[in-house]
1. Write out, first by first residue and then by second, each pair whose Cβ atoms fall under 6 Å of each other, whose residues are 6+ apart or on separate chains, and whose first residue, in segment 93-112, is more than 9 Å from Lys145 (Cβ to Cβ) and outside any helix (DSSP H, G or I) while the second is charged (D, E, K, R) and within 13 Å of the ligand (Cβ to nearest atom).
2. Run down Val135, Val140, Val172, Val144 and say which single residue is away from the ligand (no atom under 11 Å from the Cβ), closer than 14 Å to Asn206 by Cα and either in contact with a helix residue (DSSP H, G or I) (Cβ under 9 Å, 6 or more places away or on another chain) or assigned to a helix (DSSP H, G or I) (or both).
3. Within segment 43-51, is there a residue that is more than 16 Å from the ligand (Cβ to nearest atom) and either small (Gly, Ala, Ser) or touching a residue at least 40 places away in the same chain (Cβ under 8 Å) (or both)?
4. Taking segment 75-112, which residues are farther than 20 Å from His175 by Cβ and not hydrophobic (A, V, I, L, M, F, W, C)?
5. Scan (1) within 16 Å of the ligand (Cβ to nearest atom); (2) over 20 Å from the mean Cα position of the chain (by Cα) for the single condition Ile81 breaks and write down its number.
6. Here are some residues: Asn236, Asn292. Which one is outside the structural domain of Gly36 (by TED's automatic domain parsing), at pLDDT 95 or above and within 16 Å of the ligand (Cβ to nearest atom)?
7. Looking only at segment 240-252, decide whether some residue is over 30 Å from Asp188 (Cβ atoms) and in a helix (DSSP H, G or I).
8. For segment 159-166, does any single residue satisfy the condition of being within 12 Å of the ligand (Cβ to nearest atom) and on the phi < 0 side of the Ramachandran plot?
Amino acid sequence: MTNLPFFQSAGYVPALLAPMAGITDRSYRGICRALGADFSYTEMVSAKGMHYRNANTNALLETAPEEETFGVQLFGSEPEILAEAARALSDAHEARLAVIDINMGCPAHKIVRNGEGSALMRDEALAGRIIEALVKASRVPVSVKFRKGWDEAHVNAVSFARMAQSAGASLVTVHGRTREQMYEGRADRDIIAQVKRAVRIPVIGNGDVFSGGDALALVRETGCDGVMVARGARGNPFIFREIRAALDGTPYRPPAPAERIDMALSHARRHIRDKGPGAAAELRKHVAWYANGLRGASDLRRRANAVESAAELLELLENFKRGLLS
Ligand SMILES: Cc1cc2nc3c(=O)[nH]c(=O)nc-3n(C[C@H](O)[C@H](O)[C@H](O)COP(=O)(O)O)c2cc1C
């Protein structure tokens, strides 16, 4: 564990921000890290896109100042192309790049039909060749993120984790749902516990952490070495403080409504600095998440969907905040 920076000390259970395509860009990752996320990964990056030097792919590799160390998540299905990407990443980012993760869990049709993401759970031999090739090519530890299995009739997370360990992975992250479930139903904690018992490398548990209490239950029930949060962090980067408080057994004070909107404002400003005038459209969903449950949220959502510029969006948020305080 010592070569993975988020295991700060023996017994420390880190809380990691999950990769989420279209959401965990560098501005949001920076915010989550500032609020206590112990680690963060890029959105999933196409190894083929790196091979063809695609400009959009390269933009995904930019990091936030708070990411003193970070992980890149790659997806692909060809061992040589993935290995080439790992070599290039090791060369370009070695000082701060702490982990290269390989996505073997994405359920999206357009990924799976290319034999990528969770499709690799159906071909352990190919998955093993990919991991071995990456481990050989990379100068930083390699991790694998996968699911419970393809469907309830093909639950193979335990054998998959053993295979990943034998192939040289330093860490695995397990999302307790099958591909067939996509994001429906409850994530299965028992499968994470089974994986934890089956391997020596650290196991990060993932699925349905929406509060500090959820994180604590996940750790207690599975023995996992870290927790990874995806949807629970949308509009709520404060969750990392809440999780730390729950794991440490210290009190947590949730943010007041105006604090949530202040966070939305600093997120928006960062994002606008990063992405320019086009940022407003991408920020709409974040604004809705930050305001979720607050008085006037549906009106704010409607107005946010109608704004035509970033400046208008900032003004809208400022006015909303004033309304909350009045
Ligand atoms: C919008 C969205 C985008 C996602 N993108 C990725 C991705 O790029 N790579 C990945 O490994 N998982 C991705 N995931 C899956 C999450 O990382 C996580 O495994 C899953 O949402 C379960 O965690 P949760 O219950 O905390 O949301 C994505 C999930 C969502 C909702």
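1. Hits for this filter: Pro107/Arg179.
2. Exactly one residue qualifies, and that residue is Val172.
3. Restricting attention to segment 43-51, the residues satisfying the condition of being more than 16 Å from the ligand (Cβ to nearest atom) are 51.
Of the ones still in play, those that are also either small (Gly, Ala, Ser) or touching a residue at least 40 places away in the same chain (Cβ under 8 Å) (or both) are none.
No, that holds for no residue.
4. Looking only at segment 75-112, we keep the residues that are farther than 20 Å from His175 by Cβ, and these are 78-98.
Those that are farther than 20 Å from His175 by Cβ and not hydrophobic (A, V, I, L, M, F, W, C): Glu78, Pro79, Glu80, Glu84, Arg87, Ser90, Asp91, His93, Glu94, Arg96.
5. If we test Ile81 against (1) within 16 Å of the ligand (Cβ to nearest atom); (2) over 20 Å from the mean Cα position of the chain (by Cα), just (1) comes out false.
6. Values: Asn236 fails: outside the structural domain of Gly36 (by TED's automatic domain parsing).
After applying the criteria, what remains is Asn292.
7. no
8. no
The values are calculated or read from the model by the stated rules, or taken from the named source; none is laboratory data. Quick caveat, the model's predicted, so the values are computed rather than measured. Don't worry about glycine lacking a Cβ; one is built from the backbone with ideal geometry, like all the others, and counts go over all protein chains shown.
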